[in-house]
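The values are calculated or read from the model by the stated rules, or taken from the named source; none is laboratory data. The shown structure was predicted, so the numbers you read here are calculated from the model rather than taken from an experiment. Cβ placement follows ideal geometry from the backbone for every residue including glycine, while neighbour counts extend to all protein chains displayed. Surface accessibility is based on the protein's heavy atoms, side chains included, excluding ligands, DNA and RNA. Shrake-Rupley method; radii C 1.70, N 1.55, O 1.52, S 1.80 Å.
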Amino acid sequence: MSVPDYMQCAEDHQTLLVVVQPVGIVPEENFFRIYKRISAVSQVNVRDSQRVLYIRYRHHYPPENNEWGDFQTHRKVVGLITITDCSSAKDWPQTFEKFHLQKEMYGSTLYDSRLFVFGLQGEIAEQPRTDVAFYPSYDECETVEKRIEDFIESLFIVLESKRLDRATDKSGDKIPLLCVPFEKKDFVGLDTDSSLLLGLKRHYKKRCQGRMRKHVGDLCLQAGMLQDSLVHYHMAVELLRSVNDFLWLGAALEGLCSASVIYHYPGGTGGKVGSRRAQGGSLSAEAGNRHRPGAQEVLIDPGALTSNGINADTSAEIGRAKNCLSPEDIIDKYKEAISYYGKYKNAGVIELEACVKAVRVLAIQKRSMEASEFLQNAVYINLRQLSEEEKIQRYSILSELYERIGFHRKSAFFKRIAAMQCAAPSIPEPGWRACYKLLLETLPGYSLSLDPKDFSKGTHRGWAAVQMRLLHELVYASRRMGNPALSVRHLSFLLQTMLDFLSDQEKKDVTQSLESYTAKCPGTMEFITLPDGLKLPPVPFTKLPIVRSVKLLNLPTSLRPHKMKSLLGQNVSTKSPFIYSPIIAHNRGEERTKKIDFQWVQGDVCEVQLMVYNPMPFELRVENMGLLTTGVEFESLPAALSLPAESGLYPVTLVGVPQTTGQITVNGYHTSVFGVFSDCLLDNLPGVKTNGCTVEVIPALPRLQISTSLPRSAHTLQPSSGDEISTNVSVQLYNGETQQLIIKLENIGTEPLETLEVTSKTVNTKEKLYGDFLSWKLEDTLSQFPLRPGKIAIFTVNIKVKLDFSCQENLLQDLNDDGISVSGLPLSSPFRQVVKPRVEAKPVNPQESSKAGDFSHVKTLEAILNFKYSGGPGHVEGYYRNLSLGLHVEVEPSVFFTRVSTLPATSTRQCHLLLDVFNSTEHELTISARNNEDLILHAGECQRMAIQVDKFNFESYPESPTDGTQFANEKQLEEERQQAKGLEINSKLDICWKIISFHKYLL
């Protein structure tokens, strides 16, 4: 026998072997459809008897194995069922002839046979036949099972007659010698009747008796007579042991083990569904319990045996024999039988199958270590040169048996060898699908799962080097299968889960292979369903790059929404009468970890900052990186980045636009790395820090963009309130000059701009201003509202610079006696810029040089224009935005009054006011006053101009405060009086200057 049956188990010894085969051309689907119905009839109760027949069906059985039917009768094909298609009567003779040819293949051992014909109708089909059954079609064959039961009963009749015939053989000494195929040549020409060979004759007789007794035991076991088989096996063991017939002694011991296993384990050892009914009711359970381990000898009455050693009535022995082996003895006898088989080179298949049967029994007994010894022996049994298919079957069943005894890694080892055999170079058409399927089945044995979530739960399990090798083999097998999507999935899994165990060179090799695969088939986040129903989960690249923190960013200052004060507090809960509740505080603390205290705005670009780093030893290109959100409709704007090798923490900002209002939760991000698209959820990223993932999206607001007629300023204003200035502009003016600032208000959003409020604030100045520094008329701008998206409104601001024109504070001290006073308007700024003076003027006091003595000193004024605006749905909900414009004004000196004096005029009510005017500019200018001719001053020139004016009367100005609480001290009172006098003088003099070349005026 050359072809082992790895599915054999001990209870198969009691089965009858029936082969089911097609005759002619039969569609495979139809054949196995009928075969399944036939094989379902595997157990039949014999009529008028307590016995049960068990049938083992095979659709393929090597004829050479049938030659070992005398050695073990369960290997003998006793029934043949053939299935054929025959649609016409003229094909029937040829079909029937094929049926007879099929029977001849197993003719020497067949008890009976049947032919099932499908499709033939008419006269031939109506003829009653016992060996042929006709059916119109495969759908109209309701009596198949009944035909099979009748067929099995006919097999039983033949089996029973053979059993009785062998058991009651009265042929004297002429008991035939049963042989296995390789023994027949050894007994050819042997003369056992010669008196010279008397010793050999006795030896030969016992050999024949022992082998026949063993054979009868097999027939009894098949016929459902468990007690009788045990007695015959025991007798055979004694007879064969006495003549050292080791091969058949091993078979007798194995038969004894099989019968005992059937008794002890009625559910079977092959792992089949259902259980076998315990047979041998007359053999009490107490008999088995009373049996001492190791007690296997049988006490036989010598008078009970005939001259040929066979007695038909074994009832006397049954009561006196210690027949059934204990579970421990079963294994010992298996070991003994296998040792005898091992003496014969041609009995390797028998030895291998015996090891498999013993392992199945040990698996039931949960004796794993002993089972592994049997399996190890089976591995080293040397059979003939096996085909690749036989090698695959051998290693697969070894794997299955190791799995049954709990040796999972050993099981995976042999299953992997079987997988490699499927794609051996010697196979013309390698079975890559079978190889891939077997490789998948090895994964649990190596603590390997194809779900990446299992690798983020702590320490790594299993041997990483072996796991990587197995994953590489899965990649190669799936590629050879012609399934690039599978290759990409497995290679992605290897890179994601084994990244920490890959060397730098291996990382480069794996990523290069992955890029070559994804060029043809990009990796996706879809489940891949295999033909057997297994679903491979997606593999997101959470380590390429590795994310350490996720932070939701507030909108830029100019775009942040603010709640109107009148509406604040409307949403505050008033359910509790208490000002403070620790329960509420606790709940708020929990919410703070999830929800953020700022808002995003519908339709505006929002940002999330990730701190990432690249663990790869080369530059990592990440494409199509964007946010994954839930809660509101969100348009993610993908980004692409390139991270240097082993970059360390690197900030990455991802942006998107919420399209609706409500609560939005950032769940993760998506990337495309090496051609693999990944959805990385924050819940699956261990150790990621976040400031919260949920933020409120308020209704849309307009977006205001301002542009001015002035150039941008290099000076950035730093207001004390901490507000950010969106735009800074600068301008240079002469003292006393007025200029218009044209501001374009453009609505760059999608909502109409409905409301606008403008305020100004002077910052960072110690100088004193006279008049309105900034002035505007908002009504002209508001007349253009509501401002539709894309429209522009013009807003005009007048910048008027009036600082002190006197060169020193005590300039008018000498005029007090004349009742004439000129008030200065000093300005002091911390950002003074001193330029080269145009006129050499040494100050009297060095500490006053920056104020009075330096005619060329440039002074600085800074102010902030704040635009408060709203519109659209956000305005309805009470939200608005602020936009600030910073104004930086550099004030250059124009003219100075260096000396003031008076002269009497012709009228007592008037006088001549003499002013020494100094031109501190580099340009020619003219000075003019009311009712006076223009005075031309060249650059750096000082001239005196006389103005005839009415005498001033300052008696109406209070000398002391009318309300003592209005001013803190006398100094403030004096400043107020001086300012009032100065305004009075200015209004009557109406002095102005003009630079002719620039057309600049002082009004």
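Criterion applied to Lys761, Lys768 was being open to solvent by 50 Å² or more (accessible area, probe 1.4 Å), touching a Leu at 6+ places or on another chain (Cβ under 9 Å) and not in a strand (DSSP E or B), and the one residue passing it is Lys768.
Can we say Ser823 is assigned to a loop (DSSP other than H, G, I, E, B) and either at pLDDT 85 or above or of a type outside the set (Val, Ile, Thr) (or both)? If you could, list the steps in order and put the result at the bottom.
Working: assigned to a loop (DSSP other than H, G, I, E, B): yes; either at pLDDT 85 or above or of a type outside the set (Val, Ile, Thr) (or both): yes.
Judged against the criteria, Ser823 is a match.
Of the set (1) loosely packed, with under 14 Cβ neighbours inside 10 Å; (2) closer than 24 Å to Val180 by Cβ, all apply to Ser49 but (2). Among the residues of the range 866-900, those that are charged (D, E, K, R), part of a strand (DSSP E or B) and at pLDDT 90 or above comprise Lys868, Arg881.
Got at least one residue in the range 707-716 being more than 49 Å from the chain's Cα centre (by Cα) and hydrophobic (A, V, I, L, M, F, W, C)?
Yes, the range 707-716 contains a residue that is more than 49 Å from the chain's Cα centre (by Cα) and hydrophobic (A, V, I, L, M, F, W, C).
Among residues belonging to the range 99-123 that are charged (D, E, K, R) and buried (at least 17 other Cβ atoms within 10 Å of the Cβ), point out the one that is nearest to Val144 (Cα to Cα).
Only one residue tops the list, namely Arg114.
When Gly603 is tested against the conditions (1) under 24 Å from the mean Cα position of the chain (by Cα); (2) part of a loop (DSSP other than H, G, I, E, B); (3) buried (at least 17 other Cβ atoms within 10 Å of the Cβ); (4) not aromatic (Phe, Trp, Tyr), the lone failure is (1). Within the range 728-757, which residues are part of a strand (DSSP E or B), of a type in the set (Val, Ile, Thr) and open to solvent by 20 Å² or more (accessible area, probe 1.4 Å)? The answer is Thr738, Ile742, Thr755. Being buried (at least 17 other Cβ atoms within 10 Å of the Cβ), at pLDDT 90 or above and under 30 Å from the mean Cα position of the chain (by Cα) is a condition met by no residue of the range 555-566.
Among residues of the range 369-419 being more than 38 Å from the chain's Cα centre (by Cα) and of a type in the set (D, E, K, R), the one that is farthest from Leu474 (Cα to Cα) is Glu370. Kindly indicate the residue of the range 86-106 that is in a loop (DSSP other than H, G, I, E, B) and in contact with a Ser or Thr (Cβ under 9 Å, 6 or more places away or on another chain) and also nearest to Leu155 (Cα to Cα) among those meeting that condition. This residue is Tyr106. Being touching a Gly at 6+ places or on another chain (Cβ under 9 Å) and either open to solvent by less than 10 Å² (accessible area, probe 1.4 Å) or at pLDDT 95 or above (or both) is a condition met by no residue of the range 88-95.
Can we say Gly79 is under 30 Å from Glu183 (Cα atoms), part of a strand (DSSP E or B), in contact (Cβ under 8 Å) with a residue 40 or more places away in the chain and not hydrophobic (A, V, I, L, M, F, W, C)? Yes: the conditions hold for Gly79.
Being polar (S, T, N, Q) and either touching a Leu at 6+ places or on another chain (Cβ under 8 Å) or in contact (Cβ under 8 Å) with a residue 12 or more places away in the chain (or both) is the filter here, so list the residues in the range 116-135 that pass it.
If the condition is that a residue be polar (S, T, N, Q) and either touching a Leu at 6+ places or on another chain (Cβ under 8 Å) or in contact (Cβ under 8 Å) with a residue 12 or more places away in the chain (or both), then Gln121 is the only one that fits.
Right, Ala412: touching a Leu at 6+ places or on another chain (Cβ under 7 Å), open to solvent by less than 40 Å² (accessible area, probe 1.4 Å) and not in a loop (DSSP other than H, G, I, E, B) or not? Against the criterion (touching a Leu at 6+ places or on another chain (Cβ under 7 Å), open to solvent by less than 40 Å² (accessible area, probe 1.4 Å) and not in a loop (DSSP other than H, G, I, E, B)), Ala412 does not qualify. Would you confirm, using the coordinates I've provided, whether Ser901 is crowded, with 18+ Cβ neighbours inside 10 Å and touching a residue at least 12 places away in the same chain (Cβ under 8 Å)? No, not satisfied. Could you please find all residues in the range 859-875 being within 43 Å of the chain's Cα centre (by Cα) and open to solvent by 20 Å² or more (accessible area, probe 1.4 Å)? Passing the criteria: Pro873, His875.
It is to be established whether one or more residues within the range 146-156 are touching a residue at least 12 places away in the same chain (Cβ under 8 Å), among the aliphatic types (A, V, I, L, M), open to solvent by 20 Å² or more (accessible area, probe 1.4 Å) and touching a Leu at 6+ places or on another chain (Cβ under 8 Å). Within the range 146-156, none of the residues are touching a residue at least 12 places away in the same chain (Cβ under 8 Å), among the aliphatic types (A, V, I, L, M), open to solvent by 20 Å² or more (accessible area, probe 1.4 Å) and touching a Leu at 6+ places or on another chain (Cβ under 8 Å). The set of residues in the range 226-244 that are surrounded by fewer than 22 Cβ atoms within 10 Å (Cβ to Cβ) and in contact (Cβ under 8 Å) with a residue 12 or more places away in the chain comprises Glu238, Ser242, Val243. Flag: Ala465 matches the condition of being out of contact with any Phe, Trp or Tyr (no Cβ under 6 Å at 6 or more places or on another chain), modelled with pLDDT of 90 or more, within 23 Å of Phe493 (Cβ to Cβ) and part of a helix (DSSP H, G or I).
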